[in-house]
Every structure is written in structure tokens, then in C-alpha cells.
1. Take region 337-353 and flag every residue that is outside any loop (DSSP other than H, G, I, E, B) and more than 17 Å from ILE85 (Cα to Cα).
2. Name, by its number, the condition in (1) under 25 Å from the mean Cα position of the chain (by Cα); (2) assigned to a loop (DSSP other than H, G, I, E, B); (3) not assigned by TED's automatic domain parsing to the domain that holds ILE198 that does not hold for ASP61.
3. In region 71-127, which residues are among the acidic types (Asp, Glu) and not in a loop (DSSP other than H, G, I, E, B)?
4. Could you pull out the residue among GLU321, GLU331 that is within 16 Å of ligand 1 (Cβ to nearest atom), acidic (Asp, Glu), out of contact with any Pro (no Cβ under 6 Å at 6 or more places or on another chain) and over 23 Å from ASN99 (Cβ atoms)?
5. Could you list all residues from region 79-116 that are polar (S, T, N, Q) and within 10 Å of ligand 2 (Cβ to nearest atom)?
6. Regarding VAL157, is this residue away from ligand 2 (no atom under 16 Å from the Cβ), under 18 Å from GLY240 (Cβ atoms), within 22 Å of the chain's Cα centre (by Cα) and assigned by TED's automatic domain parsing to the domain that holds LEU370?
7. Out of GLU402, GLU398, I need the residue that is part of a loop (DSSP other than H, G, I, E, B), at pLDDT below 75 and not assigned by TED's automatic domain parsing to the domain that holds ALA231. Which one?
8. Quick test for you: out of VAL113, VAL141, pick the one residue that is at pLDDT below 95 and within 16 Å of ligand 1 (Cβ to nearest atom).
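The values are calculated or read from the model by the stated rules, or taken from the named source; none is laboratory data. The structure displayed is predicted, hence computed values, not measured ones. Positions of Cβ are backbone-derived with ideal geometry, glycine not excepted, and every protein chain shown enters the neighbour counts.
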Amino acid sequence: MTSLITSRLSDSGYDFIDEAAIEELLGQAPADLTEIDDIIAKSMAKQPLSVEETARLLSNDSPAAVERIYAAARQLKRDVYGNRIVLFAPLYIGNLCRNDCEYCAFRRSNKQVVRRTLEEEDIRRQVLALEQMGHKRLIVVFGEHPHYDAQFIAECVRHIYSVRSGRGEIRRVNVNAAPMDHRGYEIVKSAGIGTYQIFQETYHHETYRRVHPGVTRKADYLWRLDGVARAIEAECDDVGIGALFGLYDWRFEVLSLVTHALHLQRHYNVGPHTISFPRLRPASGVKLDERYLVGDADFQRLVAVLRLAVPYTGLILTAREPADVRRTVLEFGVSQIDAGSRIELGGYTEAGDAQIMEREQFHLGDVRPLDVVIRELLENDYLPSFCTACYRLGRTGEQFMEFAIPGFIQNLCTPNALTTLLEYLLDHASPETRAAGVAAIARELQRMPEGPRKRQLEERLARIEQGGRDLPF
Ligand code: SAM
Ligand code: SF4
């Protein structure tokens, strides 16, 4: 394949996806229930699984095996993350793109899509709308185009942090954009980005070639596969990986994601902060190849198996999925969701509630307002969190910090979830959501052991009631 890439790969930059080995693992006879139980026991002890063990969990389709996996994933999520769900929103900045990804409305050969790059003033309007809703954490999304170089992305991020109104502010900006070279990552890092996310789309080489036709940057599988490793080397050590489910066999993608996570862990002593598992959605001018589309039952299974395989990696479930699927899948190990999302360029102020196909990358499944999603979470005993403390207080990188320090969740995550939730309730919530939230905070306080941390938390909650804001532990 012709490569357009001249920059250097990371020190761990080789093609570590051994397709034949993965296919062989997937071809094995099903594991019996005893073997499944042994592997689950390892996950429950919060040890990451090997690729081989993950393959064994995927090998048995019987209801008995699948039910065991679901029960374990539910439990592990509660043990590791508690009932917190972190909220964020996507902000599409520009859809110019020189790639030609078959599945995406932004591909260069799609003449139907309306091309646009938000100007400074447009971005300000979008950010103000997001702040008014109550968002504190965004992910900015870009097509791949010379216009969207590292400098441009860094400027957008700085601009977003500078937009404030009343009590509204964005405290963390994550990025989903094309892979960069080392220097590029240094530039975006200097703007204070949170996570840098790159999805491999499919780890299957032949499928990758087929869905990324022509001589484009994206057609270079290895440059993309190596993208987050270069980010880590450039000290953007908070990275997210993902696969676009529906392009190839979902089991293959799960094993490849686990391979990727273990590769990073082995070479950099830090795994990905998050894994995303978007499912293919209808998109303008896109004819979906139905062979590998993932049904709801398999989707649920893949999330549960990922939860067990990488106990300490955050799992992100997006509004691509309809509300009922989100409701079900949430309990199997998801730690972050977006809500109130609009993905048309300018969609937070211009598009209203209708989704305009020619203006968006794909069609969203869940466009309920943030307030409604928060209320539902509260009513189902989840704790919505707008916390951005770790990264702002320098607790990144060896993200296993979160788990290595005893009592981390109890002492930091839950208190931060409660303070940021109270800020949301006071500044943005409807009366119904506020009532549900106040009841949830009381419930959580009752669950907390008595001691200095609980007293500090109560004191901070009182300060927030009196107008104090942004008081992270
Ligand atoms: N252009 C950059 C890139 O390709 O890495 C930024 C990301 S793109 C705007 C965000 C992600 O959306 C892609 O990585 C892909 O996984 C996903 N995506 C593209 N088309 C999709 C579709 N039809 N349905 C669901 N997700 C899609
Ligand atoms: Fe461009 Fe990204 Fe869409 Fe591919 S997925 S066409 S690179 S915006």
C-alpha cells in the first residue's frame, strides 16, 4: 500500500494484530461452564484478562454461559465504578475531510453533505448553549483535513475553555480527531486537552482496506493503529481506543481491542483510559453492508465481555444507541455516556430537534435532553457525575491511580460526583430532576461511612448551596 506518511512511528510501532492467531482463538471449541467460571473469577479479582481468556468467554453462546457473564459484568461495574455515570457532550467543529471512509457521511466523495467549519463566533454560541444545559465536559470532533492541524485544534480547545457565562464553564475538552505525529500531540497537549480518542474502526486488515479506499491518510492501517502510542510518547497519556462495530465480525474486534489495550499496557505501563464501541448507524449517502451488523443481544454481550476483560478501563456508550438499548447496556459496565447530544455542525443552536441528515455524520438514536437523561439515571439509582477533577489536579497517566489508591472511589469519585451533581441541580435542572437529585444525594450520604471525608463533603455541599462552585476533591 502506498503510504503518505513520512513521520516516525512510536517505539512500539509495529503491526501487533495477528489475524491468524485471533481467528484461531475464535475457532476453538466452546469453553464449558467451569472454565467460564474460572475466568470470571479472575475478572472479579479485578485482574485484566488475556486475549486467550477473553476468547474463551466469547466461545460459549449458551444462555447459561451468557447469563453468568452478564451477572459478573453487572457486579464488577458496581465494585469498580460504583453507580457513577460520567456525562459529556460531543461538539462537531468541522466536517471537511480528505478521506473516503465508506461508512461516514463526511467522506470526500459524498456530494450531498453540507460542508462547514465552525468559526470562532459559531463555537462560542455552541459552547454557551452546552454550558446552559449544564455540560462541563466536551469531546470535540473533526474530519481529517489539512485545515484541522494540531495548531487549529489547540486553538479551538483554548477558545472553548475561555467561553464562560454566569456559572457555566467547560472544564475538560477531549478530542476525537485524526492521528497526529509526536509534535502534533505536544501542541494539542499544551492546550490542556483531556483524552485523545482514535478509533481503529476495524482491526481486520482486508476489511480496513475495503472500507478506506483510495490513497488517503486513513488508508494507512499502521499509522492509525500506532496513533495513540505516539500520543502517549508525546505525553498525551490519556488516550481512548475504539472499534466501529458492524464492519467486521464483532468477536474479532473485541479480541483486537483487548490486544490493543494490552499492547499499550505492556509498552507504556498505562492502558487506554477508555474504550468506545460505536455501532454503525445510517448516514447520508451510506449504503450499509448488512453482513456484520451487530444485533442488540450481541451488542449487550460484547459490552459485558469487554467489562470483564479490562476491569479498569472506562467504557463509553454514545447516543448513537436508542434510549432503550442505552438503558439495558448501561448496567453491564458502562462508565460514561453523552446526553443532550447534537452532531450537526452548529446543531446546539441551529437545528432544533429534527436531525438533518445532510448536516450530520450519522443519525443519532437518543436525542433526549440532558435533563431527561439525568432524571432517568437518578430514578434508576445511578449517580450522574460531571466530575473533571483528576485531570485538572494532575491525576492522569497511570490512570490505574484511580484503583491503585485504596478508597479512591469512596474518597474522591463519589464525593466529586455529588458536588458536581448538586451544581447541576442548582444551576440547570428542572424542578422534577432537582427533586430526584436531592433525594439521590441524601441517599448517597446515608450510604457513606461516618468520618472526616463525609464531614468535608457535607461542608462543601453546604458551600455549593450558598453559591460556591468548582470544589473538587
Ligand atoms: N475524522 C476523524 C477520524 O476518522 O478519526 C474523527 C472521527 S469521526 C468524525 C468519529 C467516529 O465516528 C469515527 O472514528 C467512526 O468510528 C464513527 N463513525 C463514522 N461513521 C459512522 C456511522 N455511520 N455510524 C456510527 N459511527 C460512525
Ligand atoms: Fe473523514 Fe473521519 Fe468520516 Fe473518515 S470517519 S470520512 S476520516 S470524518
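1. Residues of region 337-353 that are outside any loop (DSSP other than H, G, I, E, B), as a first pass: 337-338, 347-350.
Of everything in region 337-353, those that are outside any loop (DSSP other than H, G, I, E, B) and more than 17 Å from ILE85 (Cα to Cα) turn out to be GLY347, TYR348, THR349, GLU350.
2. (1)
3. Start the filter on region 71-127 by keeping residues that are among the acidic types (Asp, Glu), which leaves 79, 100, 102, 119-122.
Across region 71-127, the qualifying residues are ASP79, GLU120, GLU121, ASP122.
4. On the way: GLU331 fails: within 16 Å of ligand 1 (Cβ to nearest atom).
Exactly one residue qualifies, and that residue is GLU321.
5. If the condition is that a residue be polar (S, T, N, Q) and within 10 Å of ligand 2 (Cβ to nearest atom), then ASN95, ASN99, SER109, ASN110 are the ones that fit.
6. Values: away from ligand 2 (no atom under 16 Å from the Cβ): yes; under 18 Å from GLY240 (Cβ atoms): yes; within 22 Å of the chain's Cα centre (by Cα): yes; assigned by TED's automatic domain parsing to the domain that holds LEU370: yes.
Answer is yes for this residue.
7. Values: GLU402 fails: part of a loop (DSSP other than H, G, I, E, B).
Just a single option satisfies the conditions, and that option is GLU398.
8. On the way: VAL141 fails: at pLDDT below 95.
Going through VAL113, VAL141 in turn, just one is at pLDDT below 95 and within 16 Å of ligand 1 (Cβ to nearest atom): VAL113.
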